[in-house]
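*Asks:* Okay, handing you the structure first.
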Amino acid sequence: MKDSLRPGLRHAFSYRVPVHKTVPALYPEAPEFQAMPAVFATGFLVGLVEWTCIQALAPHLEAGEQSLGTRVELSHEAPTPPGETVTVEVTLREVEGRRLVFEVEARDESARICSGRHERAVIDAERFARRLAARPTPPPAG
């Protein structure tokens with residue numbers, strides 16, 4: 001991590017919600033999801049928050065470093081139909097070693113749709129890949 005990675009770091013990212021990021025698209029094989037309204041899915045909202053944090057961190061990480069999400073505490077306060085733009089704003093509040101805590105807020109064109117906290121950990125990508133490769137392979141399903 002570079003010395004520039006400090007509390008107070010802010011970043012915003014805007015994303016226009018396509019129909020394939022709505023609730024029915026989250027698990028297309030699940031009939032329960034197919035019966036739900038076609039609004040921005042909470043699962044995709046979480047991913048958008050992570051994406052924004054990843055962008056915020058990118059200039060402040062050393063070569064070979066990445067970050068992984070470790071905790072998500074987010075509200076999802078209002079529905080967003082496809083075609084609207086969601087803007088996520090993140091502020092880095094804590095840096096404790098490799099642990100990072102962001103304060104998060106997201107708005108669509110009509111209202112605040114999300115607020116909360118997201119934690120990430122800075123990792124050495126090669127070391128992580130080695131540890132993952134060493135895990136036992138589960139037997140095939142069936």
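No lab work stands behind these numbers, since they all come straight from the coordinates. Bear in mind the structure is a predicted one, so any value in this text is a computation, not a measurement. Reconstructed Cβ throughout: ideal geometry from the backbone, glycine too, with neighbour counts over all protein chains shown.
*Asks:* Provide the packing ranking of 18-30, 108-120, i.e. peptides ordered by the mean count of other C-beta atoms within 10 Å per residue, highest first.
*Replies:* Highest mean packing first, the order is 108-120, 18-30.
*Asks:* What are the residues whose amide H is under 5 Å from the amide H of residue 114, where those residues sit 5 or more places off or on another chain and H is modelled from the backbone?
*Replies:* Those lying under 5 Å, H to H, from residue 114 are 77, 106.
*Asks:* Placing +1 at every Lys and Arg Cβ and -1 at every Asp and Glu Cβ, with all other atoms neutral, what dipole size does the chain have around its Cα centre, in debye to the nearest 20?
*Replies:* Dipole magnitude for the chain comes out near 400 debye.
*Asks:* What nm distance separates the two modelled labels at residue 29 and residue 121, each placed 7 Å from Cα along Cα→Cβ?
*Replies:* Label-label distance for residue 29 and residue 121, simple model: 2.9 nm.
*Asks:* What does the extension gain come out to for residue 55 and residue 14, with contour length at 0.36 nm per residue minus their alpha carbon separation?
*Replies:* So the extension gain works out to 13.6 nm.
*Asks:* Of the listed peptides 38-44, 77-83, 134-140, what is their order by residue-averaged count of other C-beta atoms within 10 Å, with the highest listed first?
*Replies:* In decreasing order of mean packing, 38-44, 77-83, 134-140 become 38-44, 77-83, 134-140.
*Asks:* Round to the nearest 0.05 the FRET efficiency obtained for residue 3 and residue 66 when R0 = 25 Å and r is the Cβ-Cβ distance.
*Replies:* 0.85
*Asks:* Moving to a separate point now. For segment 68-109, what does the relative contact order come out to in percent, with C-alpha contacts under 8 Å and a separation of six or more?
*Replies:* 37 percent
*Asks:* Equivalent ellipsoid semi-axes for segment 10-133, as square roots of 5 times the alpha carbon gyration tensor eigenvalues: give them largest first, rounded to whole Å. Don't skip to the end; give the middle numbers.
*Replies:* Details: eigenvalues 155, 66, 27 Å².
Ellipsoid semi-axes (Å, largest first): 28, 18, 12.
*Asks:* Another question, then. Specify the residue with the greatest mean-square fluctuation among 105, 50, 84, computed from a Gaussian network of the chain linking alpha-carbon atoms under 10 Å apart.
*Replies:* Per the Cα network of the chain with a 10 Å cutoff, 84 tops the list.
*Asks:* So what are the ³J(HN,Hα) numbers for segment 106-111, from phi and the Karplus equation (6.51, -1.76, 1.60; θ = phi - 60°), rounded to whole Hz, Gly and Pro as x?
*Replies:* 9, 9, 9, 6, 10, 7
*Asks:* Turning to a different aspect of this structure: Can you work out the Karplus-derived ³J(HN,Hα) for every residue in segment 33-45? Use 6.51 cos²θ - 1.76 cosθ + 1.60 with θ = phi - 60°, whole Hz, and x for glycine or proline.
*Replies:* 6, 5, 7, 7, x, 7, 10, 3, 6, 4, x, 6, 4
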